[in-house]
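Computed from the coordinates by the stated procedures, all read-outs in this text should not be read as laboratory data. A quick note: this is a predicted structure, and the numbers were derived from the prediction, not measured. Ideal geometry is used to build each Cβ from the backbone, glycine not excepted, and the neighbour counts take in all protein chains shown.
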């Protein structure tokens with residue numbers, strides 16, 4: 001394979017095409033010419049398996065341009081040759097999901113098998129039905145129904161509520177909120193309280209630090225106000241509304257509302273961290289008070305902010321009807337379960353079978369095999385080999 005795309009003639013008039021969508025941009029001219037030549041070699045009745053980099057069909061109803069590359073290939077190259085696109089395969093999303101065509105598209109399939117990804121992606125946020133417009137001259141859009149997914153919808157939603165583990169699964173992440181909490185408190189509440197109480201030591205002032213001091217410092221100190229605005233705008237920008245709220249005026253309103261809710265949760269955490277940190281550090285005197293206070297704010301702030309963000313992600317992704325922030329909620333947990341891959345087989349009669357294979361838990365520990373032969377693996381699982389199973393019965397595709 002000399003290029004990033006290919007077209008292979010398989011037995012029994014099957015074709016395997018692999019396209020390069022170049023980070024979801026338009027297909028370049030040399031690639032189009034290549035597939036035009038491949039299409040010229042096809043005959044009426046030939047069947048095509050198309051491999052692409054991302055499951056653009058799942059976003060086609062919200063992003064009309066998402067499916068443009070696949071629609072173009074089918075409309076301009078495959079159909080005019082008298083061939084039929086029977087199976088579209090992709091990865092990118094780290095789960096298994098299969099959509100089957102209905103009506104005129106019965107017997108065709110769209111399959112995502114991205115089970116080799118670094119972490120698991122949810123399946124409960126996938127649409128049950130999708131419509132794809134391939135050609136405006138068609139009587140109706142193509143319709144597909146979700147037939148199977150791995151993990152199943154209930155298991156996926158259950159896993160979403162594990163997102164509050166974020167700080168425990170991603171210790172380096174705690175550095176960012178820890179720094180933010182330290183800057184917010186030192187720029188306002190702590191500086192105002194501990195530097196303006198003349199005649200009192202820091203250790204004496206700390207036990208009396210309360211909510212009024214915190215709010216006064218955050219609202220009266222310009223630096224603290226500026227930092228709050230930056231953090232607030234960041235949380236609004238981070239917010240990802242549910243699909244049904246992403247059009248027109250609803251999108252900015254939903255982003256603002258979600259950002260305010262998340263910001264309110266973090267503000268409660270800031271109050272708790274400030275109060276608890278001053279109590280932890282108050283027994284110390286002099287410079288040691290500042291050291292203990294800094295350590296307490298950084299440690300508690302990183303942990304608290306991480307827990308709050310994890311809770312926000314769990315609610316946004318786990319609550320039925322929300323189903324958003326799936327990538328963040330699952331990447332935060334670094335889940336390595338529910339691996340999958342597929343195998344394809346064309347029998348002597350020309351029938352294609354797709355075997356979706358699941359691996360509940362992948363191995364993480366391995367033994368070196370220095371004496372292995374040239375055709376044998378150089379590593380083997382430490383302990384029992386991972387158990388594999390069929391995610392669903394083999395899919396029979398006979399165009």
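Of the beta bridges DSSP finds with both residues in the chain, what % are antiparallel, to the nearest 5?
That works out to approximately 75 percent antiparallel.
Neighbouring Cβ atoms within 10 Å as the yardstick, rank 70, 168 fewest first.
Taking fewest neighbouring Cβ atoms as first place, the list is 168, 70.
Calculate the radius of gyration of the Cα atoms of the stretch 282-356 to one decimal place, then report Dmax, the largest Cα-Cα distance, as a whole number, both in Å.
Reported Rg and Dmax, both Å: 24.6, 86.
With the contact rule set at Cα under 8 Å and sequence spacing of 6 or more, what percent relative contact order holds for the chain?
Relative contact order, the chain: 16 percent.
Taking the Cβ of each residue in 74, 392, 29, 100 as the centre, tally the other Cβ atoms inside 10 Å and list the residues starting with the fewest.
Ordered from fewest to most neighbouring Cβ atoms within 10 Å, 74, 392, 29, 100 come out as 29, 392, 100, 74.
Compute the angle between helix 29-40 and the longest alpha-carbon principal axis of the chain, please, reported from 0 to 90 degrees and rounded to the nearest 10.
That works out to roughly 30 degrees.
Using a Gaussian network model of the chain whose springs link C-alpha atoms within less than 10 Å, name the residue from 312, 181, 26 with the highest mean-square fluctuation.
26
Radius of gyration and Dmax for the chain's Cα atoms, expressed in Å?
Considering the chain through its Cα atoms, Rg and Dmax are 27.7, 94 Å.
For the chain, find the longest principal axis of its Cα atoms and tell me its angle to the long axis of helix 175-187, 0 to 90°, nearest 10.
That helix lies at roughly 30 degrees to the long axis.
Return one number: the angle in degrees, 0 to 90 and rounded to the nearest 10, between the long axis of the Cα atoms of helix 222-238 and the longest principal axis of the Cα atoms of the chain.
The answer is roughly 20 degrees.
Would you mind putting 370-380, 88-98, 120-130, 258-268 in packing order, based on average other-beta-carbon counts within 10 Å, highest first?
88-98, 120-130, 258-268, 370-380
Round to a whole angstrom and tell me the spacing of the C-alpha centers of the stretch 79-137 and the stretch 230-291.
Here the answer is 38 Å between Cα centres.
Compute a Gaussian network model of the chain, connecting alpha carbons closer than 10 Å, and tell me which residue from 284, 224, 311 fluctuates the most.
284
Considering the chain as a Gaussian network with a 10 Å cut-off on Cα pairs, which listed residue, 219, 54, 324, attains the greatest mean-square fluctuation?
Looking only at 219, 54, 324, the biggest GNM fluctuation is shown by 219.
How large is the convex hull of the Cα atoms of the stretch 3-118 per residue, expressed in Å³ as a whole number?
Expressed per residue, the convex hull around the Cα atoms of the stretch 3-118 is 119 Å³.
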